[in-house]
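S.K.: Provided herewith is a single structure, encoded as C-alpha cells, for subsequent inquiry.
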Amino acid sequence: MLRDRRIVIGVTGGIAAYKTCELVRLCLKAGADVHVAMTAHATRFVAPLTFEGLSHHPVITDMFDRSNAVASEHIALARWGELIAIAPATANILAKAAHGLADDFLSTLILATRAPVLFAPAMNTAMWEASATRRNVALLAEHGYLVTPTGCGEMAENEIGPGRMLEPREILHHIVRALPKVGPLAGRCVIVTAGPTPEPLDPVRVLTNRSSGKMGVALAEMAAGMGAEVTFIHGPLGVPLPAGADPVAVETADEMCRAVLEHLPAADALAMAAAVADYRPVQVARHKIKKGATGRMTLDLVPTVDILGEVAARKGRQVIVGFAVESEAEKAATRVRDRMERKSLDLVVLNMAGEEGSPFGADTNRVTIFPRVGQAEPLDELPKHEVARRIWERVVPLLGESTASASKEEAR
C-alpha cells in the first residue's frame, strides 16, 4: 500500500511512545521507508535502539550529534520525507509548532519541511481540554498542519477521558490520507464493497454468506496506496477497517445497494467484492422464533436486490469489477462469461470454492481474472494485497481519459 513512500516519524516525550513502535512496524509492513527522529524526553520512554532496529536507519535525537551526518543537516531529512508524522504529539510540541519555535531537531524539522505534517496528540484530559491547547490546535490548522482526533479511554494516571493517542492502525489511516496522492489511480474515485450482508430472520438470527472481508479490505487499501479516493461500503467485518478509505457501514443487501447507487455517479470504478446474501425472508419476525415441537422450520424466502443489475442499469463511464464464487470447475468459465454479459461487467474475479489456496478467511487467494475481451488469466496463490494490486493494474488501462472530477461534475 505504501510501497517506496518516504515517511519521517517524530516521537516526543509521552508514555504513548511505546505505541509508536507498532506504528513504525505497520508503515514498514505497508512498504514505506521510515526514518525516526526523537526528542530528548522521548528517549526516556523508548530507547532509540528500538526504533533503529525497526526502521533499519539511525535515529536522530540531537541537533548537534556529529556522529550522524543527517542530524547535522536537518534540511536533508526535511526534504527527504513525503510526510512528517508526530506520534505521540505532546502539548509541548503542539505549542512549539503552532508558534514556529525551533529549539531542537524535531521542532526545527517541522518548521523546515514543505511536506504535510500530521500530529497525533497524546496527553491527559486536562491538558487536552486546556484553552491554550485548543488555541494551539486551531492555530496549527490555520498553518496547514493536520491534527488527528484523540481517543477516549484510560490514561496513565488512571483517569478516563479524551486526550489518549489513537491506536497505531488508526494513525496509519490518517497517514495514508495525508500523503500526497501519487500513483496510477491518483485523481480517481473508486468504490469497494466488502463483507457479508446479514438478512434478519428475527431479532437474533440472520441469513448470510461466509466472508471475512479481507479481500475487500485489501482492495481498498491498495487503491488508496495507488492514489485513489476510496469509498469503502461494508457489512460486518472480521478484520479492521482499511487504512486510507472512507468507510460506509451497512447491514442488509438493500442498504448496500442504496449506498452503492448513492456514490456511483462520482466514481470511476466499482469493485464489488462483498458477499451479498442471495435471499431474505419475506417477513422478519418481531420476536425470537421459538423451536417448535418437531424441531423443523420452513422459511419463505425471496431474492435480495441484484446490486450489480441495478448498477448496470445506471452505468456510465465507470469500470465495474465483479467477483464470483463457483464450485463446479467445468461450468465456471461459462457462468462467468454469462454474468459478465448480463451485468455489463468489465472484469470478473473468479474464486473456486474449496480450491486449495483460497479458503474463506485466509490471507492468501488463488483467483482467475476474466477480462471482457481476451483470455482469462489464472493467478498463482498470492497474498490478498498482491491479488488486489494485480486487479487494480488491470483496471487502470480501462479507465481511459475519464477523471473523477469529470464524474463529480456530471453527478452535480
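S.K.: Search segment 218-227 for residues being in contact (Cβ under 8 Å) with a residue 60 or more places away in the chain and under 10 Å from the mean Cα position of the chain (by Cα), and hand back the single one that is farthest from G195 (Cα to Cα).
M.R.: Here the answer is G225.
S.K.: Something else: If you go through segment 186-213, how many residues are touching a Ser or Thr at 6+ places or on another chain (Cβ under 8 Å) and under 23 Å from E393 (Cα atoms)?
M.R.: Here the count works out to 8.
S.K.: Then there is this: Of the residues that sit in segment 71-92 and are of a type in the set (D, E, K, R) and modelled with pLDDT under 95, which one is surrounded by the most Cβ atoms within 10 Å (Cβ to Cβ)? Break it down stepwise before answering.
M.R.: As a first pass, look at segment 71-92 and keep what is of a type in the set (D, E, K, R): 73, 79, 82.
From the residues that got through so far, the ones that are modelled with pLDDT under 95 too are 73, 79.
Numbers: E73: 11, R79: 13.
In this case the residue turns out to be R79.
S.K.: Any residue in segment 294-301 that is within 30 Å of V182 (Cα to Cα) and of a type in the set (D, E)?
M.R.: No, because not a single residue in segment 294-301 is within 30 Å of V182 (Cα to Cα) and of a type in the set (D, E).
S.K.: Against the condition surrounded by fewer than 24 Cβ atoms within 10 Å (Cβ to Cβ) and more than 26 Å from D4 (Cα to Cα), how does G227 come out, does it pass?
M.R.: Answer is no for this residue.
S.K.: Shifting gears a bit: Taking the criterion of being closer than 30 Å to V11 by Cβ, β-branched (V, I, T) and without any contact (Cβ under 8 Å) to a residue 40 or more places away in the chain, would at least one residue in segment 228-236 satisfy it?
M.R.: Checked segment 228-236: no residue is closer than 30 Å to V11 by Cβ, β-branched (V, I, T) and without any contact (Cβ under 8 Å) to a residue 40 or more places away in the chain.
S.K.: Can you go through G10, G14, G100, G53 and tell me which one is touching a strand residue (DSSP E or B) at 6+ places or on another chain (Cβ under 7 Å) and either part of a loop (DSSP other than H, G, I, E, B) or surrounded by fewer than 17 Cβ atoms within 10 Å (Cβ to Cβ) (or both)?
M.R.: G14
S.K.: In segment 127-160, which residues are in contact with a Ser or Thr (Cβ under 8 Å, 6 or more places away or on another chain) and buried (at least 16 other Cβ atoms within 10 Å of the Cβ)?
M.R.: M127, W128, M155
S.K.: Next up: Quick check on my filter: what residues within segment 376-407 are surrounded by fewer than 15 Cβ atoms within 10 Å (Cβ to Cβ) and either modelled with pLDDT under 90 or in a strand (DSSP E or B) (or both)?
M.R.: E377, P378, P383, G400, E401, S405, A406, listed by residue number.
S.K.: Can P236 be described as in contact with a Gly (Cβ under 7 Å, 6 or more places away or on another chain) and surrounded by fewer than 20 Cβ atoms within 10 Å (Cβ to Cβ)?
M.R.: For P236, the condition - in contact with a Gly (Cβ under 7 Å, 6 or more places away or on another chain) and surrounded by fewer than 20 Cβ atoms within 10 Å (Cβ to Cβ) - is met.
S.K.: What residue, among those in segment 147-175 that are modelled with pLDDT of 95 or more and hydrophobic (A, V, I, L, M, F, W, C), is farthest from V230 (Cα to Cα)?
M.R.: By that ranking, first place goes to M165.
S.K.: Separate question: Out of T193, T208, I need the residue that is closer than 30 Å to P303 by Cα, assigned by TED's automatic domain parsing to the domain that holds V282 and either buried (at least 24 other Cβ atoms within 10 Å of the Cβ) or among the acidic types (D, E) (or both). Which one?
M.R.: Only one candidate qualifies: T193.
For (1) at pLDDT 90 or above; (2) touching a Phe, Trp or Tyr at 6+ places or on another chain (Cβ under 9 Å), each residue gets a yes or a no:
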{"residue": "L299", "(1), (2)": "no, yes"}
{"residue": "T304", "(1), (2)": "yes, yes"}
{"residue": "A329", "(1), (2)": "no, no"}
{"residue": "K343", "(1), (2)": "yes, no"}
{"residue": "S358", "(1), (2)": "no, no"}
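S.K.: Please pick out the residue among R177, R169 that is touching a Gly at 6+ places or on another chain (Cβ under 8 Å), within 29 Å of C189 (Cβ to Cβ), in contact (Cβ under 8 Å) with a residue 24 or more places away in the chain and surrounded by fewer than 21 Cβ atoms within 10 Å (Cβ to Cβ).
M.R.: One residue alone meets the criteria, R177.
The values are calculated or read from the model by the stated rules, or taken from the named source; none is laboratory data. The structure displayed is predicted, hence computed values, not measured ones. Virtual Cβ from ideal backbone geometry, glycine too; neighbours counted across all protein chains shown.
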